[in-house]
Each structure stands twice: as C-alpha cells, then as structure tokens.
Amino acid sequence: MELIPCFGNETYERHKSSNLDELVVSIMAENGLVDCDLYMDNYYCHPNLISRLLTGGINTTGTYRLNRKDVPKLIKDAKVVKEKKKVQKDELKTKTKRVKLNNESKNIRYFKSQNMFAVKWKDKREVNILTTKHSLKLEARTTARNRKVTKPIVIYE
C-alpha cells in the first residue's frame, strides 16, 4: 500500500487548485492511481466527491461531517444510542463477561444511496462513515481484556 501525504498550502499551490474535489482528483491522477482504495478524513470526504471518484474506479471510505450541505436530512436526524450492557447475576463477582440488554443493536444505523453506504455507529462517540468498498457485515472480535465486541466491518478496516 502506498501512502501519499498532503501538506496543506504546499499541496494546493503545487496542484493550482482551491476546490477540494479538484485537489483530490488531481492528486489521484498525478500518481496514476486507478482501481484502488482511498481512505479520507472528514475534511475531504463528502457524497459528491465519493460518487465522482467511484465513476473513475476508485473505492473510497471516510468519515464525514454532518453539517455539510449535501448530507441528507434523514442521515443527520438518525439517532444512535450506545448499547447498554447488563451483568449476569452469576457473574457479579468477576464482572468480566457482559451481555446485551436485548438482541437489537441500537448503536448502528445504515443508509444506502446510489452505490455508497452511510454508516452511523456509536461506541463512546458517534462516528459517521461513507463507503463504497465495504459491506454491511458485522464482525465480532475479542479485545485485549477478553471482551467480545461487535462492530461494523468498515470500522475495523
């Protein structure tokens, strides 16, 4: 995997672009990156750019900001709640194993628009992710403290 750093004003001047979409597309074109995966932070990532990159054969995943103009109201208004845990009565002394209060997962919301998924997930804080690469699968992994945690696969990636 090749990492391409972006150095703020220096990068803008080199690519002679003030538009974020044009900057990302020109960096990808300059480095000859086609049919690859791109991971972005919330400064660059938004639905219009992701759909533009997808037409060029680039799968994109990134966190995004809810206060952008092009984020649908349905996604902005969706509520996610951290899952409540309940200690089983026979394990009160050790308190090592915890179980879900119910089988429904209230801390994940999925939305599909065109060929991209928007994922809202909450553990300690709410995380908003747009992806064209990942599916909606959940994956359970064991933490360092031997607790089983289930998260969307896009969070692990």
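Amide hydrogen proximity for ASN42: with H placed 1.01 Å from N in the peptide plane, the residues at 5 or more positions away or on another chain lying under 5 Å are THR63. Computed from phi, the 3J(HN,Hα) profile of the range 140-147 under the Karplus parametrisation 6.51, -1.76, 1.60 (θ = phi - 60°) reads 9, 10, 9, 7, 5, 9, 6, 9 Hz, with x in place of Gly and Pro. If you plug the beta carbon distance of ASP35 and LEU136 into 1/(1 + (r/R0)^6) with R0 = 30 Å, you get a FRET efficiency near 0.85. Only protein heavy atoms count here; under a 1.4 Å probe, ARG147 has an accessible surface of about 120 Å². Residues in the range 36-51 carry Karplus couplings, in order, of 9, 10, 10, 10, 10, 8, 6, 6, 9, 7, 7, x, 5, 5, 4, 5 Hz; the curve used is 6.51 cos²θ - 1.76 cosθ + 1.60 with θ = phi - 60°, and Gly or Pro positions show x.
For the range 63-71, 3J(HN,Hα) computed residue by residue from phi via the Karplus equation (6.51, -1.76, 1.60; θ = phi - 60°) reads 6, 9, 9, 6, 8, 6, 5, 8, 8 Hz, glycine and proline entered as x. Any chance you could look up the accessible area of VAL154 with a 1.4 Å probe, heavy atoms only, rounded to 10 Å²? Counting only protein heavy atoms, the figure is 10 Å².
Simple spin-label estimate for ASP77 and ARG52 gives 2.9 nm between the two label positions (7 Å along the Cα-to-Cβ direction from each Cα).
The values are calculated or read from the model by the stated rules, or taken from the named source; none is laboratory data. Being a predicted model, the structure only gives us computed values, none of them experimental. Reconstructed Cβ throughout: ideal geometry from the backbone, glycine too, with neighbour counts over all protein chains shown. We work out accessible area using only protein heavy atoms, side chains counted, and drop any ligands, DNA or RNA first. Shrake-Rupley method; radii C 1.70, N 1.55, O 1.52, S 1.80 Å.
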